[in-house]
Structures are given as C-alpha cells and as structure tokens.
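S.K.: There's a structure below that I have some questions on.
The values are calculated or read from the model by the stated rules, or taken from the named source; none is laboratory data. This one's a predicted model, so the numbers in the text were calculated from it and none came from an experiment. Cβ placement follows ideal geometry from the backbone for every residue including glycine, while neighbour counts extend to all protein chains displayed. The accessibility values were calculated without ligands, DNA or RNA, using every heavy atom of the protein model including side chains. Shrake-Rupley method; radii C 1.70, N 1.55, O 1.52, S 1.80 Å.
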Amino acid sequence: MSKETFYFSHDYNTRSDVKIKKLISKHGYLGYGIYWAIVEDLYQNANALPMDCDCIAYDMRCDVEVINSIINDFELFVIEDNVFGSLSVQRRLD
C-alpha cells in the first residue's frame, strides 16, 4: 500500500542562523523542535495560523509561554491581524 508524502525544503544550515541560535539558547532543542513543528503546520495551512498560543501549546504539549516566546521573541514569524506566518515559508510556497 503506497502512502502519499509531502515535504518542504529545509535548509541544512538553519542552526547557524543567529535567530535560531537565540531560540536554542533560550528554549533548547525543545524550542527548536517546536519551531519546526510550527513551520510544518504553516505549510499545511497556507502559511497562516491564528495567534492562539493556548491551542498551539496544547497541540505541542508544552507551556503557553514557550509558544508565545517562539512566535514573538526571535523575529522568526510575521504577525498581522491576529494571524502569523513565515516569510521564508511564503518564499518557498511562491
């Protein structure tokens, strides 16, 4: 039985980005993993997720403060009208 799989480009040097280094410094690799899980969700939702940190935290099984920090503190995402996305995800989708 075949399984359809979707994928996206993942830069092999992401960890050397200063924003990601700051994320890892503050939240460890838990934060890095959550970041990539959020990126996966963005790809599945046309690069737009509601700013519902409680819901995302529940889905990721972590503290809401961690989600709020990952989305807001490292300039990894853009927020507009209570929705957030990623410029790099958008570039790849375009």
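S.K.: Any residue that is in contact with a His (Cβ under 7 Å, 6 or more places away or on another chain), open to solvent by less than 70 Å² (accessible area, probe 1.4 Å) and assigned to a helix (DSSP H, G or I) - is there at least one of those in segment 21-40?
M.R.: Kept after step one, since they are in contact with a His (Cβ under 7 Å, 6 or more places away or on another chain), are these residues of segment 21-40: none.
No, segment 21-40 contains no residue that is in contact with a His (Cβ under 7 Å, 6 or more places away or on another chain), open to solvent by less than 70 Å² (accessible area, probe 1.4 Å) and assigned to a helix (DSSP H, G or I).
S.K.: Here's something else I'd like to know. Pull up segment 1-20, narrow it to residues that are out of contact with any helix residue (DSSP H, G or I) (no Cβ under 7 Å at 6 or more places or on another chain) and of a type in the set (A, V, I, L, M, F, W, C), then point me to the one that is least open to solvent (accessible area, probe 1.4 Å).
M.R.: Looking at the filtered set, the residue picked out is 18.
S.K.: Please go through segment 21-35 and give me each residue that is within 24 Å of residue 92 (Cβ to Cβ), out of contact with any helix residue (DSSP H, G or I) (no Cβ under 6 Å at 6 or more places or on another chain) and free of Cβ contacts under 8 Å to residues at least 12 places away in the same chain, ordered by number.
M.R.: Result: 21, 29, 33.
S.K.: Give the residue, chosen from 72, 47, that is within 25 Å of residue 94 (Cα to Cα), modelled with pLDDT of 95 or more and touching a Gly at 6+ places or on another chain (Cβ under 6 Å).
M.R.: Details: 72 fails: touching a Gly at 6+ places or on another chain (Cβ under 6 Å).
So the residue among 72, 47 that is within 25 Å of residue 94 (Cα to Cα), modelled with pLDDT of 95 or more and touching a Gly at 6+ places or on another chain (Cβ under 6 Å) is 47.
S.K.: Does segment 3-10 include one or more residues that are basic (Lys, Arg) and not in a loop (DSSP other than H, G, I, E, B)? Steps first, answer last, please.
M.R.: Taking segment 3-10 first, the residues basic (Lys, Arg) are 3.
Now restrict to residues that are not in a loop (DSSP other than H, G, I, E, B): none.
Scanning segment 3-10 turns up no residue that is basic (Lys, Arg) and not in a loop (DSSP other than H, G, I, E, B).
S.K.: Being open to solvent by 70 Å² or more (accessible area, probe 1.4 Å) and farther than 21 Å from residue 30 by Cα is the filter here, so list the residues in segment 46-86 that pass it.
M.R.: 46, 50, 79, 80, 81, 82
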